[in-house]
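J.: Take this structure first; my questions come after.
The values are calculated or read from the model by the stated rules, or taken from the named source; none is laboratory data. Worth saying up front: this structure is predicted, and the values here are computed from it rather than measured. Neighbour counts are summed over all protein chains in view; Cβ atoms, including those assigned to glycine, are modelled from backbone coordinates with ideal geometry. Note: accessible area is taken over every heavy atom of the protein model, side chains too, but ligands, DNA and RNA are not part of it. Shrake-Rupley method; radii C 1.70, N 1.55, O 1.52, S 1.80 Å.
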Amino acid sequence: MSQTLELNRRAFLRNAGLTAVAGAVGTGSIAAGAPVAAAPPKPHHGKYDLDTIYNRIGSDCYKWDKQIEKFGRENITVPMGIADMDFKCAPQITQAILRRVEHENYGYIYMPDSYAESIITWNRARYGIEIQPEGLVNANGVNPALLSALRAFSPPSSKVLLLPPTYSAFYSTVKKAGCVAEECPLHYENGEYSIDFEDFERRIDSGVTSFIFCNPQNPTGNCWSLADMQALGEICARKGVVVLSDEIHCDFVNTGHRYTPFSAIPDESIVRNSVTFKSTSKSFNLAATKCAYFFSDNADYIARIKATGHNTAVNSLAVAASEAAYNEAGDWLDEVTAYVDQNMEYAAQFINKRIPHVKFYKPEGTYLAWLDVSELAEKIGAREMAEEANRKLAPGETALEPENMIELYLVENAGVQLNDGFRYGVGGDNRMRMNLATSRHLVSQALENMAVALDRV
Ligand SMILES: Cc1ncc(COP(=O)(O)O)c(C=O)c1O
């Protein structure tokens with residue numbers, strides 16, 4: 001977000017000719033905590049309370065507090081951007097942290113075997129994959145682990161292949177490694193994304209050294225098939241390009257779909273040419289505990305990543321939390337994923353009926369929906385507004401994209417914050433990403449607010 005937006009948002013909106021739509025849901029009238037506009041379709045009757053809104057405001061969280069700082073308290077009713085969840089954490093995890101905190105010393109730890117065992121057992125039980133303990137490495141995040149891997153396999157100035165639209169931080173990680181992102185855009189048709197394998201192979205030949213794969217894919221939600229992965233893996237193995245498979249979203253798979261681990265490909269030579277990256281951070285909402293892991297059957301690959309000076313330290317509270325998550329909180333995760341799946345259904349039906357300017361396709365996996373807002377962009381003149389605003393930028397300020405204007409429009413008129421699509425690379429124009437891992441009351445309130453605001457467009 002540019003300094004202009006952060007420092008002088010309202011003046012900027014006036015300059016750009018974008019003012020809150022008269023008569024739309026008033027920014028003041030939809031402050032968070034206001035009565036819910038529409039009853040959610042069905043209350044959740046589970047072991048865990050997912051319906052009650054868990055107030056995160058004031059906890060320094062990026063999803064709420066950062067957006068409030070950026071856009072003003074009066075403009076943030078339901079932030080649906082950053083990819084974490086609003087639910088209260090699994091009680092098993094809180095209990096484990098409390099047990100650890102009872103021992104009031106936080107000096108250096110050596111990793112207990114039980115930590116690795118929790119990872120190995122989880123992956124075996126849930127996905128039928130066998131992780132060898134000697135091929136398993138800790139990390140303080142998937143992004144730092146990917147950076148270490150790029151340092152191992154991709155010399156500065158070489159290319160790293162991505163399949164956009166894809167996770168925005170891949171681009172910054174590639175840049176941090178001194179490499180260049182080579183984009184092989186996904187093919188899009190009728191709400192479905194697929195891989196253009198000919199283009200993939202052509203681009204691999206242009207100096208690519210690693211390929212970052214995302215399964216399920218953020219933000220498109222694709223749960224890639226075995227056939228897709230076999231085809232990609234075969235090309236990469238033949239060309240000597242290492243596959244870095246980011247499977248952080250793997251526990252979120254919607255009804256009728258399936259996540260297939262890259263390491264489950266039957267062809268051993270393909271699997272040996274890959275490293276898989278995972279963590280409890282998405283599944284159990286432990287992102288700020290900073291703990292992740294990666295594994296490979298290829299001892300040479302693991303040695304090369306470790307040799308970059310990769311940081312394997314995981315903090316003591318993260319160890320307690322992550323181990324409890326995998327060992328004890330599986331039923332919490334199952335309930336959460338089913339709940340999010342129903343949120344997706346609810347949003348699909350609501351948007352298709354009530355918000356004609358937005359197209360919603362239920363994703364196969366992840367808790368993120370990838371909205372097509374082309375019609376809305378056209379209606380509000382997002383491109384023209386961005387152009388107009390860019391003519392007034394002060395030197396050094398970042399140019400604005402039409403999706404910045406859509407984000408602002410929705411914040412100002414509906415109190416709903418979404419992530420702007422251009423950050424996800426080619427194919428991100430006219431797209432916004434919506435995070436549905438929250439209470440259905442908030443999903444309902446966000447959609448009602450959007451429907452009222454966009455009715456006036
Ligand atoms: C695909 C993907 N990889 C990695 C991450 C971040 O992982 P970490 O916080 O462990 O660095 C995210 C977070 O949204 C993600 O979507």
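J.: Identify, please: which residue in region 139-163 is within 21 Å of D297 (Cβ to Cβ) and in contact with a Cys (Cβ under 7 Å, 6 or more places away or on another chain) and is, among those, farthest from the ligand (Cβ to nearest atom)?
T.: Out of the qualifying residues, it is S154.
J.: Follow-up question, since we're still on this one. When you check S172 against the structure, is it farther than 15 Å from L244 by Cα, open to solvent by 50 Å² or more (accessible area, probe 1.4 Å) and within 16 Å of the ligand (Cβ to nearest atom), yes or no? Walk me through it before giving the result.
T.: Numbers: farther than 15 Å from L244 by Cα: yes; open to solvent by 50 Å² or more (accessible area, probe 1.4 Å): yes; within 16 Å of the ligand (Cβ to nearest atom): yes.
So S172 passes the test.
J.: Look through A399, A386 and report the one residue that is within 26 Å of the chain's Cα centre (by Cα), more than 21 Å from V452 (Cα to Cα), among the hydrophobic types (A, V, I, L, M, F, W, C) and open to solvent by less than 50 Å² (accessible area, probe 1.4 Å). Working first, answer last.
T.: On the way: A399 fails: open to solvent by less than 50 Å² (accessible area, probe 1.4 Å).
Testing whether each residue is within 26 Å of the chain's Cα centre (by Cα), more than 21 Å from V452 (Cα to Cα), among the hydrophobic types (A, V, I, L, M, F, W, C) and open to solvent by less than 50 Å² (accessible area, probe 1.4 Å) leaves just A386.
J.: Still on this structure: Mind counting the residues in region 347-374 that are surrounded by 20 or more Cβ atoms within 10 Å (Cβ to Cβ) and under 20 Å from the mean Cα position of the chain (by Cα)?
T.: Number satisfying all stated conditions: 12.
J.: Select, from E323, E247, the only residue that is acidic (D, E) and within 15 Å of the ligand (Cβ to nearest atom). Please lay out each step first, then the result.
T.: Details: E323 fails: within 15 Å of the ligand (Cβ to nearest atom).
None of the other options fit; the residue is E247.
J.: Could you list, ordered by first residue, the pairs with Cβ atoms under 7 Å in which the first is in region 268-293 and within 18 Å of T94 (Cβ to Cβ) and near the ligand (Cβ under 8 Å from one of its atoms) and the second is part of a strand (DSSP E or B) and at pLDDT 95 or above, at least 6 apart or interchain?
T.: If the second residue must be part of a strand (DSSP E or B) and at pLDDT 95 or above, the pairs left are S281/A292.
J.: For region 96-136, which residues satisfy the criterion of being β-branched (V, I, T) and open to solvent by less than 50 Å² (accessible area, probe 1.4 Å)? Don't jump to the end; show me each part of the working.
T.: Taking region 96-136 as the starting set, the residues that turn out to be β-branched (V, I, T) are 97, 101, 109, 119-121, 129, 131.
Once the filter is applied, which keeps residues that are β-branched (V, I, T) and open to solvent by less than 50 Å² (accessible area, probe 1.4 Å), region 96-136 yields I97, I119, I120, I129, I131.
Residues are listed down the side, and each one gets a yes or a no for (1) closer than 16 Å to C250 by Cβ; (2) in contact with a helix residue (DSSP H, G or I) (Cβ under 7 Å, 6 or more places away or on another chain):
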{"residue": "A116", "(1), (2)": "no, yes"}
{"residue": "R124", "(1), (2)": "yes, no"}
{"residue": "Q132", "(1), (2)": "no, no"}
{"residue": "N140", "(1), (2)": "no, no"}
{"residue": "L147", "(1), (2)": "no, yes"}
{"residue": "A152", "(1), (2)": "no, yes"}
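J.: Here is a list: R151, R100, R124. Which entry is charged (D, E, K, R) and within 30 Å of C184 (Cβ to Cβ)? Steps first, answer last, please.
T.: Working: R100 fails: within 30 Å of C184 (Cβ to Cβ); R124 fails: within 30 Å of C184 (Cβ to Cβ).
Exactly one of R151, R100, R124 is charged (D, E, K, R) and within 30 Å of C184 (Cβ to Cβ), namely R151.
J.: Now for a separate question. Based on what the data block shows, is D297 away from the ligand (no atom under 15 Å from the Cβ), of a type in the set (D, E) and in a loop (DSSP other than H, G, I, E, B)?
T.: Working: away from the ligand (no atom under 15 Å from the Cβ): yes; of a type in the set (D, E): yes; in a loop (DSSP other than H, G, I, E, B): yes.
When the stated conditions are applied, D297 passes them.
J.: Condition test on N254, is it touching a residue at least 24 places away in the same chain (Cβ under 8 Å), open to solvent by less than 30 Å² (accessible area, probe 1.4 Å) and not assigned by TED's automatic domain parsing to the domain that holds K362?
T.: yes
J.: Taking the stated definitions as given, is K159 among the basic types (K, R), surrounded by fewer than 22 Cβ atoms within 10 Å (Cβ to Cβ) and touching a strand residue (DSSP E or B) at 6+ places or on another chain (Cβ under 8 Å)? Give the derivation first.
T.: Details: among the basic types (K, R): yes; surrounded by fewer than 22 Cβ atoms within 10 Å (Cβ to Cβ): yes; touching a strand residue (DSSP E or B) at 6+ places or on another chain (Cβ under 8 Å): yes.
For K159, the condition - among the basic types (K, R), surrounded by fewer than 22 Cβ atoms within 10 Å (Cβ to Cβ) and touching a strand residue (DSSP E or B) at 6+ places or on another chain (Cβ under 8 Å) - is met.
J.: One residue is enough: does region 213-220 have a residue meeting the conditions open to solvent by less than 70 Å² (accessible area, probe 1.4 Å), within 16 Å of the ligand (Cβ to nearest atom) and more than 20 Å from the chain's Cα centre (by Cα)? Spell out the reasoning first.
T.: Step one: list which residues in region 213-220 are open to solvent by less than 70 Å² (accessible area, probe 1.4 Å), which gives 213-220.
Still in the list and also within 16 Å of the ligand (Cβ to nearest atom): 213-220.
Filter once more, so that each one left must be more than 20 Å from the chain's Cα centre (by Cα): none.
No, every residue in region 213-220 fails to be open to solvent by less than 70 Å² (accessible area, probe 1.4 Å), within 16 Å of the ligand (Cβ to nearest atom) and more than 20 Å from the chain's Cα centre (by Cα).
J.: Right, next: Could you tell me whether any residue of region 101-118 is outside the structural domain of H310 (by TED's automatic domain parsing), at pLDDT 95 or above and of a type in the set (V, I, T)?
T.: The initial filter retains those residues of region 101-118 that are outside the structural domain of H310 (by TED's automatic domain parsing), namely none.
The answer is no, given that none of the residues of region 101-118 is outside the structural domain of H310 (by TED's automatic domain parsing), at pLDDT 95 or above and of a type in the set (V, I, T).
J.: Enumerate the helices (runs of 4 or more DSSP H) found wholly within region 317-392, keeping only those where 2 or more residues are farther than 19 Å from S283 by Cα and aromatic (F, W, Y).
T.: Ranges flagged: 330-354.
J.: Being of a type outside the set (G, A, S), touching a residue at least 12 places away in the same chain (Cβ under 8 Å) and open to solvent by 50 Å² or more (accessible area, probe 1.4 Å): is that true of R423 here? Spell out how you get there, then give the answer.
T.: Numbers: of a type outside the set (G, A, S): yes; touching a residue at least 12 places away in the same chain (Cβ under 8 Å): yes; open to solvent by 50 Å² or more (accessible area, probe 1.4 Å): yes.
Considered against the rule, which asks whether it is of a type outside the set (G, A, S), touching a residue at least 12 places away in the same chain (Cβ under 8 Å) and open to solvent by 50 Å² or more (accessible area, probe 1.4 Å), R423 comes out as yes.
J.: Right, here's the next one. For the subset of region 175-212 comprising residues that are among the hydrophobic types (A, V, I, L, M, F, W, C) and without any contact (Cβ under 8 Å) to a residue 40 or more places away in the chain, which member is nearest to the ligand (Cβ to nearest atom)? Break it down stepwise before answering.
T.: Looking only at region 175-212, we keep the residues that are among the hydrophobic types (A, V, I, L, M, F, W, C), and these are 177, 179-181, 184, 186, 195, 197, 200, 204, 208, 211-212.
Of the ones still in play, those that are also without any contact (Cβ under 8 Å) to a residue 40 or more places away in the chain are 177, 179-180, 184, 195, 197, 200.
Values: A177: 15, C179: 17, V180: 20, C184: 17, I195: 17, F197: 22, F200: 19 Å.
Per the criteria, the residue is A177.
J.: Right, something else. Consider only pairs whose beta carbons are under 6 Å apart and that are at least six residues apart or on different chains; among these, list those whose first residue lies in region 332-360 and is of a type in the set (A, V, I, L, M, F, W, C) and whose second residue is assigned to a loop (DSSP other than H, G, I, E, B) and surrounded by fewer than 20 Cβ atoms within 10 Å (Cβ to Cβ).
T.: Listed pairs, sorted by first residue: W332/Y48; M344/K362; A348/K362.
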